[in-house]
There are 2 protein chains.
Amino acid sequence: IAKEVAKLLEMKAQLGGDEGKHKFVLKTPKGTRDYSPKQMAIRERVFNTIIACFKRHGAEAIDTPVFELKETLTGKYGEDSKLIYDLKDQGGELLSLRYDLTVPFARYLAMNKITNIKRYHIAKVYRRDNPAMTRGRYREFYQCDFDIAGQFDPMIPDAECLKIVHEILSDLQLGDFLIKVNDRRLLDGMFAACGVPDSKFRTICSSVDKLDKMPWEEVRSEMVGEKGLSPEAADRIGEYVQLHGGLDLIEQLLQDPKLSQNKLAKEGLGDMKLLFEYLTLFGITGKISFDLSLARGLDYYTGVIFEAVLLQQENEHVEEAVSVGSVAGGGRYDGLVGMFDPKGRKVPCVGVSIGIERIFSILEQRVEASEEKIRTTETQVLVASAQKKLLEERLKLIAELWDAGIKAEVLYKKNPKLLNQLQYCEDTGIPLVAIVGEQELKDGVIKLRVVASREEVNVRRESLVEEIRMRTSQ
Amino acid sequence: IAKEVAKLLEMKAQLGGDEGKHKFVLKTPKGTRDYSPKQMAIRERVFNTIIACFKRHGAEAIDTPVFELKETLTGKYGEDSKLIYDLKDQGGELLSLRYDLTVPFARYLAMNKITNIKRYHIAKVYRRDNPAMTRGRYREFYQCDFDIAGQFDPMIPDAECLKIVHEILSDLQLGDFLIKVNDRRLLDGMFAACGVPDSKFRTICSSVDKLDKMPWEEVRSEMVGEKGLSPEAADRIGEYVQLHGGLDLIEQLLQDPKLSQNKLAKEGLGDMKLLFEYLTLFGITGKISFDLSLARGLDYYTGVIFEAVLLQQENEHVEEAVSVGSVAGGGRYDGLVGMFDPKGRKVPCVGVSIGIERIFSILEQRVEASEEKIRTTETQVLVASAQKKLLEERLKLIAELWDAGIKAEVLYKKNPKLLNQLQYCEDTGIPLVAIVGEQELKDGVIKLRVVASREEVNVRRESLVEEIRMRTSQ
């Protein structure tokens with residue numbers, strides 16, 4: 001029946017095109033957007049910065065399909081699974097749009113039996129979440145992931161991931177930021193020490209994860225009310241999750257009577273200490289905070305976890321900086337690849353994901369505010385003419401320029417006015433105009449005009465390419 | 001019920017992870033593939049070539065979501081509509097994956113009331129077609145589109161699109177190629193002159209489009225048998241579609257008694273003549289063939305259409321070059337934007353789409369055959385040590401290099417063997433090794449080793465960045 005209905009609807013749509021047109025809404029799907037040329041110019045800058053950093057750290061690139069078999073995604077995202085987009089069953093495999101780049105990466109490693117790789121992947125992912133587009137939260141959004149897979153000595157790749165976050169946020173000049181760090185083993189050890197039953201670890205972890213959006217009182221009542229945790233256990237958690245600091249806090253917790261009894265907590269704290277030593281060598285501890293309230297939503301993390309937030313001075317009188325939301329996150333997930341391997345062979349992984357949309361929003365707003373003129377093309381020269389009937393000559397010249405690698409445009413008019421041609425350069429930021437004229441053609445020269453200064457020089461046609469290159473090289 | 005079943009399945013998957021694992025197939029969806037680092041390196045090269053060409057012609061970039069409202073795509077693709085991927089109805093809007101980049105572009109123009117733009121768009125599109133992956137036919141594949149929208153003097157933008165195809169196929173060095181050109185108005189005029197009823201124009205056009213894959217006899221019997229065309233009309237079409245040539249053929253057809261009676265055919269032929277004049281100015285007519293058998297599948301074309309095929313010498317004894325398939329196509333579609341505009345306002349458009357997957361296949365096979373070693377990273381230097389206990393010093397040095405913009409790697413081992421570190425450079429093509437040693441640290445120098453020549457020099461630490469830059473600049 002569904003098939004027949006679809007067929008009929010299709011036929012109706014094809015036949016009744018005019019009728020349907022009036023009800024048709026011209027928009028992009030909810031939670032998505034187009035990128036205009038200006039936005040693309042900003043996006044290209046940001047991507048170039050990020051890719052340069054990933055390449056500086058020796059990463060290879062991979063790509064995976066936008067959809068995966070549904071079962072590839074099943075059971076990887078905990079409570080967030082309901083946000084996955086499924087494709088319609090049109091006969092054949094059941095498919096879902098990817099929810100992140102990490103699960104496809106793990107699937108790729110298991111499928112190709114790769115045990116050792118350092119890769120980046122920049123692509124769109126899909127979540128049926130409530131969009132908040134002004135804050136940069138979309139249903140279709142980019143992730144920029146860098147991951148290191150392989151059996152290595154502890155905390156060296158983990159430290160590099162944090163170094164990468166530090167480099168990217170510095171390079172993008174987004175203002176002050178803070179990278180919060182924690183460890184899933186320490187969280188689990190802490191839950192155990194506080195009297196949380198094993199079966200509630202993940203769900204209590206989800207509650208802790210909400211601390212960046214909710215006050216502790218609400219999170220506590222979710223733990224006790226909805227999730228059935230004892231009030232005493234919740235209060236004990238409440239004390240720990242207030243703590244944040246650096247090496248000193250790690251030392252302090254290593255002496256904590258409850259935590260030091262717990263094997264997982266001790267492991268987590270030991271590695272955290274090692275991590276901070278490496279971060280000190282990298283010279284970046286100034287922006288790192290060991291923070292026991294950091295939990296991260298996803299199920300698959302097994303060790304270090306981290307999240308970077310931008311800080312914003314609320315106003316000059318307030319001393320405390322205010323967080324405006326997460327722009328990067330990641331952690332260690334040593335079990336995920338094993339979930340895909342038929343024999344359960346594990347490949348330890350650690351990685352970071354840069355949340356590019358919020359960064360775009362900030363940079364877009366900054367560009368709007370600054371009235372900075374952003375060029376959306378790179379055209380070096382407009383091929384123009386002052387007189388009529390020179391279209392053929394313009395086309396001949398521009399073909400010469402294109403073939404020499406010069407970025408050139410021509411107006412698609414037979415007889416455009418010179419003023420309109422010059423105006424086009426002003427509007428689009430083209431710096432030079434090559435003007436074809438009858439006298440110049442006879443003399444074997446082209447008149448080259450500098451748009452900004454209105455300076456004009458005659459250049460011999462055979463030297464034109466060189467002249468344009470010289471004048472547009474920075 | 002569906003919701004409940006989904007919930008139960010989810011729960012089952014989460015609980016019975018081990019049971020499910022054995023039946024789970026580790027693969028990408030049918031018709032899709034991952035890109036390995038090596039394939040990505042080739043892809044990056046190809047994209048860079050194509051983007052450079054688009055920018056040379058002054059194009060801006062835009063991007064649109066991977067899915068559109070289902071009704072946005074409805075009624076645009078004729079018989080191919082059945083190949084569209086729909087998303088599951090999960091409550092909310094009905095969505096489909098984009099089938100090409102042209103319809104989203106037209107939707108973008110109408111939605112933003114843009115009447116004038118030259119843009120490129122490189123992104124994946126989706127077709128539930130029968131995949132033929134070795135020939136580069138996938139269900140998820142890239143399109144690289146360049147389009148010019150706006151009311152201009154005839155054939156100038158059209159000629160530029162053909163120039164772009166010519167430049168890209170030349171720059172990619174894929175071997176000999178041919179660009180076939182025709183015009184939808186001429187086709188329609190020809191159908192009318194042959195006695196095809198108006199109502200059958202589009203479906204007969206679809207049949208003609210199959211001539212590159214089927215012999216004329218089969219196409220004829222489809223026209224007569226399945227589509228109810230009279231045998232006489234079919235035979236008249238059969239005579240025209242054999243014709244191909246250049247300006248001479250255009251002149252000949254302008255004299256054709258039947259065609260010259262038809263307004264559409266005359267318009268098409270007149271513009272074709274103008275197009276060839278511009279292509280002569282661009283110096284590219286050598287690879288252009290005016291071909292009456294070219295029809296193009298899509299419904300929305302209204303004027304010039306074209307398609308580029310690679311030619312391959314079957315073997316040295318055969319004179320005739322054999323086509324190995326289309327690698328680019330496009331044409332003029334003056335009505336598409338108007339289909340989205342509430343008042344039906346038209347924006348004339350012409351554009352070209354580069355079919356990148358077939359090009360990837362060819363280049364991949366060429367790389368495999370040539371045993372050319374493709375580097376998948378750009379790392380300039382490996383930071384290594386000859387003795388144990390120097391991890392801290394390696395990390396300190398690499399942070400200095402990263403901060404100076406040097407692309408550097410370090411092995412994630414506490415005490416890696418020098419031999420293993422050198423082997424890593426050999427394997428991945430890293431040209432330099434910066435070796436930290438106790439004596440060198442005391443002396444304030446780093447030993448820099450050139451992997452290819454095994455030459456070693458001591459470089460003062462403060463000059464190391466400069467030295468690496470110098471030795472790795474081309």
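The values are calculated or read from the model by the stated rules, or taken from the named source; none is laboratory data. Every value quoted in this text rests on a predicted model; they were computed, and no experiment measured them. Here the Cβ is made from the backbone with ideal geometry for all residues, glycine too, and neighbour counts use every protein chain on show. Areas reflect the complete protein model, heavy atoms only, side chains present, ligands, DNA and RNA absent. Shrake-Rupley method; radii C 1.70, N 1.55, O 1.52, S 1.80 Å.
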Unit-weight point scatterers at every alpha-carbon of the protein assembly as shown, Debye formula, q = 0.04, 0.09 1/Å: log10 I(q)/I(0) is -0.23, -1.09
Assigning unit charges at the beta carbon (Lys, Arg +1; Asp, Glu -1) and nothing else, what dipole magnitude in debye, to the nearest 20, does chain A show about its Cα centre? 1700 debye
List for the stretch A:85-117: residues with 30 Å² or greater reduction in accessible area, all protein chains versus chain alone, probe 1.4 Å? A:Y85, A:D86, A:L87, A:K88, A:Q90, A:E93, A:L97, A:R107, A:Y108, A:M111
Over both sides of the A-B contact, add up the buried accessible area with a 1.4 Å probe and give it to the nearest 100 Å². 9000 Å²
Using the heavy atoms of the protein chains alone and a 1.4 angstrom probe, what is the accessible area of the stretch A:381-471 per residue in square angstrom? 50 Å²
Which of the aspartates and glutamates could a cross-linker bridge to B:K388, judged by Cα under 19 Å and excluding same-chain residues fewer than eight apart? A:D153, A:E277, B:E409, B:E438, B:E440, B:D443
How much of the accessible area of the stretch A:358-474, probe 1.4 Å, is carbon plus sulfur, in whole percent? 48 percent
Taking Cα centroids, how far is the stretch A:169-204 from the stretch A:441-460 in Å? 65 Å
Of the residues A:S96, A:S207, A:F290, the Cα lying farthest along the dipole of the stretch A:37-369 towards its positive end, which is defined by charges on the beta carbon of Lys, Arg, Asp and Glu, belongs to A:S96
What share of the DSSP beta bridges in the protein assembly as shown is antiparallel, in percent to the nearest 5? 80 percent
If you place +1 on the Cβ of every Lys and Arg, -1 on the Cβ of every Asp and Glu, and leave all else neutral, what size is the dipole of the stretch A:179-234 about its Cα centre, to the nearest 20 Debye? 180 debye
Find every distance from the label point of A:K273 to the corresponding label point in the other copies (7 Å from Cα along Cα→Cβ) and write them in nm, one decimal, shortest first. 9.0
Check the straight Cα-Cα distances from A:K258 and name the lysines below 20 Å, setting aside those fewer than 8 residues away within the same chain. A:K200, A:K266, A:K273
Distances from B:D427 to the same position in the other copies: list them in nm, one decimal, shortest first, using label points 7 Å from Cα along Cα→Cβ. 5.6
In a shell of Cβ-Cβ distance under 15 Å around B:F306, excluding B:F306 itself, what net charge do Lys and Arg (+1) and Asp and Glu (-1) give? -4
Calculate the spin-label point distance for B:N130 paired with B:D212, positioning each point 7 Å from the Cα along the beta-carbon direction, and give it in nanometres. 1.8 nm
Would you list which aspartates and glutamates come within 18 Å of B:K373, measuring only between C-alpha atoms, while excluding same-chain residues fewer than 8 positions from it? A:E60, B:E44, B:E364, B:E426, B:D427
Cα gyration tensor category, rounded, prolate or oblate, for the stretch A:37-369 with a/c compared to 1.5: rounded
Which listed residue (B:I468, B:L391, B:Q380) has the Cα farthest towards the positive end of the charge dipole for the stretch B:355-474, taking +1 on Lys and Arg C-beta and -1 on Asp and Glu C-beta about the Cα centre? B:L391
So what J values fall out for the stretch B:145-162 if you push phi through Karplus, 6.51 cos²θ - 1.76 cosθ + 1.60 with θ = phi - 60°, rounded to Hz, Gly and Pro as x? 10, 10, 9, 10, 10, x, 8, 10, 6, x, 6, 6, x, 4, 5, 5, 4, 5
CD proxy at 222 nm, helix term only [per DSSP H run n ≥ 4: -39500 (n - 2.57); per residue of the protein assembly as shown; nearest 500]: -12000 deg cm²/dmol
Restraint check, A:K287/B:K38; A:K389/A:K442; A:K55/B:K118, Cα-Cα greater than 27 Å: A:K287/B:K38; A:K55/B:K118
Report the calculated FRET efficiency for B:A452 and A:R469 (r = Cβ-Cβ distance, R0 = 35 Å), to the nearest 0.05. 0.60
Taking the label point 7 Å from Cα along the Cα-Cβ vector, the copy-to-copy distances for B:V457, listed from shortest in nm with one decimal, are 3.8
For the stretch A:109-212, with all protein chains present and a 1.4 Å probe, just round the carbon and sulfur fraction of the accessible area to a whole percent. 45 percent
